[in-house]
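One structure is given below, encoded as structure tokens.
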Amino acid sequence: MPSKIQSRKSSIHGNGVFARQAIAKGERVIEYKGELRSHDDVDAGEAGDVESGHTFLFTLNDEWVIDGNRGGNAARWINHSCQPNCEAMIVEHDSDRRRDKVVIEALRNIAPGEELTFNYGIRLAERHTPRLKQVWACRCGADKCTGTMLQPKR
């Protein structure tokens, strides 16, 4: 069966993922794949640099992170939006946290040609200074765009 999605250049940012066929609300579109790494390993390298404004890291649970830059698939190209048409869902494994996974699921019906997006939900321990908000600027163009991919501090 041909894939319902394809990667190509995006008007939001860099590469994006687009529907080739209609995708139904609730449909699981793709699993976010990549190398499984510990938080300590990620924090020790450059992949977790909060100053970059760009990441393929996906926090899986308290122990593990999926690094889409290493062995990742097309899911890493799905762009952020403040009004997304998809969401990232963590599917937990009962006995082995290393086997948890992330799947991208449609929040609503998605038409052919439409770009897939989800809210990255980026949370930083650092204070959200105007400079950091600019580093993590949102380019989604949604009516209710917050201007940043950083989630509000609660």
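The values are calculated or read from the model by the stated rules, or taken from the named source; none is laboratory data. Just so it is clear, the model here is predicted, and its values are computed rather than measured. We place every Cβ from the backbone using ideal geometry, glycine too, and count neighbours over all the protein chains shown. We work out accessible area using only protein heavy atoms, side chains counted, and drop any ligands, DNA or RNA first. Shrake-Rupley method; radii C 1.70, N 1.55, O 1.52, S 1.80 Å.
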Task: Efficiency of FRET from Cβ geometry, residue 13 and residue 109, R₀ 25 Å, rounded to 0.05 - done: 0.55
Task: Gain in span if fully extended, residue 144 to residue 98, counting 0.36 nm per residue against the direct Cα distance - done: 12.9 nm
- [ ] Quick one: pull the percent of accessible area on the chain belonging to carbon and sulfur, 1.4 Å probe, ligands and nucleic acids left out.
- [x] 45
Open item on the list: On a straight-distance basis, which lysines could pair with residue 9 in a cross-link, Cα separation under 21 angstrom, same-chain partners fewer than 8 positions away excluded?
Closed with: 33
- [ ] Give, in nm to one decimal, the length gained when the segment between residue 133 and residue 6 is fully stretched (0.36 nm per residue of separation minus the Cα-Cα distance).
- [x] 42.7 nm
TODO: Return a whole-number percent for the relative contact order of the chain, with Cα pairs under 8 Å and 6 or more residues apart as the contact set.
DONE: 28
Task: Average accessible area per residue (Å²) across the chain - probe 1.4 Å, nucleic acids and ligands excluded - done: 58
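Once you have a ≥ b ≥ c as the square roots of the Cα gyration tensor eigenvalues for the chain, tell me rounded if a/c is under 1.5, and otherwise prolate or oblate according to whether a/b is larger than b/c. Spell out each step's value before the answer.
Details: a/c = 1.72, a/b = 1.13, b/c = 1.52.
Note, shape of the chain comes out oblate.
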